[in-house]
Amino acid sequence: MIRPAALHDLDAIANLHAEARATYYRGHIPDADFEGPAERARTRDSWSGALVRDEPGAAVLCAERGDTLTGIAAYRAVDGVTTLTQLHVSPARWRQGIGTALHTACVTAWQRAGIRTARLEVYEHNTRAQDFYATQGWRPDPDRPRHDTHLVLRLDVPQAGN
C-alpha cells in the first residue's frame, strides 16, 4: 500500500533511508559520510522537515507491506522544477515492485497537477537506481547532465490519455 507519510513514520523513514544509501555509498565514500552519527542526525532532521513541510506540490509517500515500511519517496519543487528528491526501497524488499509502485504514485500525482517535466539526481555509482529510472522513462537532462557526483535525469511526464 502507498500512503502519505506522517510524522510518526520518521524513525522508520530515517532508518530505511540510511540502510538503502549504505548499499550504494559503501566503498565509494567514507562510511562516516553516510552512516556516522552526524549524518544520521542530519538525515533525521531533513526527513522531519520534509514531513512537516506545507508546500504546494510537495509530498512524502510511504510504501507498506503489513505494518512494515518498505519504501519511501519524496518530491517537491526545486528551482521551479518538480524534483524527485528521494526514492528508496528497503534492500530486503528489492525487486518486489515497491519502487515501481512508489514511482507510479509520484507520476500520477504529477499528472493530476499538470506537471510536464520532473527531474532527479542519482549517485554516479548507483547503477541499480540508474537502470530502474531508465526503465521508468528517465533520461539524462540535456541542459545539465551532471551535478557534482550525481547524474541529473529528466522525465517528460506522460499526460493522461497519451
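Every read-out reported here was derived from the displayed coordinates using simple, explicitly stated rules and does not represent laboratory data. Bear in mind the structure is a predicted one, so any value in this text is a computation, not a measurement. All Cβ positions, glycine included, derive from the backbone under ideal geometry; neighbour counts span all protein chains shown.
Given a Förster distance of 25 angstrom, what is the FRET efficiency for ARG65 paired with THR127, based on the Cβ-Cβ distance and rounded to 0.05?
Values: r = 26 Å, r/R0 = 1.03.
My answer for the efficiency is 0.45.
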Self-check item: Structure-derived volume of the Cα convex hull per residue in Å³: which label, when the choices are (1) 155; (2) 121; (3) 100
Solution: (2)
Quiz item: For ILE98, ILE115, ILE72, ILE2, what's the fewest-to-most ordering of other Cβ within 10 Å of each Cβ?
Solution: ILE2, ILE115, ILE98, ILE72
Quiz prompt | Förster radius 41 Å - calculated FRET efficiency between ALA41 and ALA134, Cβ distance, rounded to 0.05 | solution = 0.75
Quiz item: So if we plug the beta-carbon distance of THR100 and VAL78 into 1/(1 + (r/R0)^6) with R0 = 22 Å, what FRET efficiency do we get, rounded to 0.05?
Solution: 0.40
Quiz item: With the contact rule set at Cα under 8 Å and sequence spacing of 6 or more, what percent relative contact order holds for region 17-162?
Solution: 18
Quiz item: With helices defined as uninterrupted DSSP H runs, which ones in the chain have an alpha carbon span along their own long axis of at least 15 Å and mean Kyte-Doolittle hydropathy of at least -0.5?
Solution: 10-25, 98-112
Exercise. Have a look at the DSSP beta bridges in the chain and tell me what percent are antiparallel, nearest 5.
Key: 90
Quiz item: Once label points are set 7 Å from the Cα along Cα→Cβ at both ASP143 and HIS8, what is their separation, rounded to one decimal in nm?
Solution: 4.1
Quiz prompt | Full-stretch length increase - THR23, THR117 - with 0.36 nm per residue and alpha-carbon distance subtracted | solution = 31.0 nm
Practice problem: Please sort by residue number the trypsin sites (Lys or Arg not before Pro) in region 84-162 whose DSSP state is loop and whose Cβ has at most 14 other Cβ atoms within 10 Å. | Solution: ARG95, ARG116
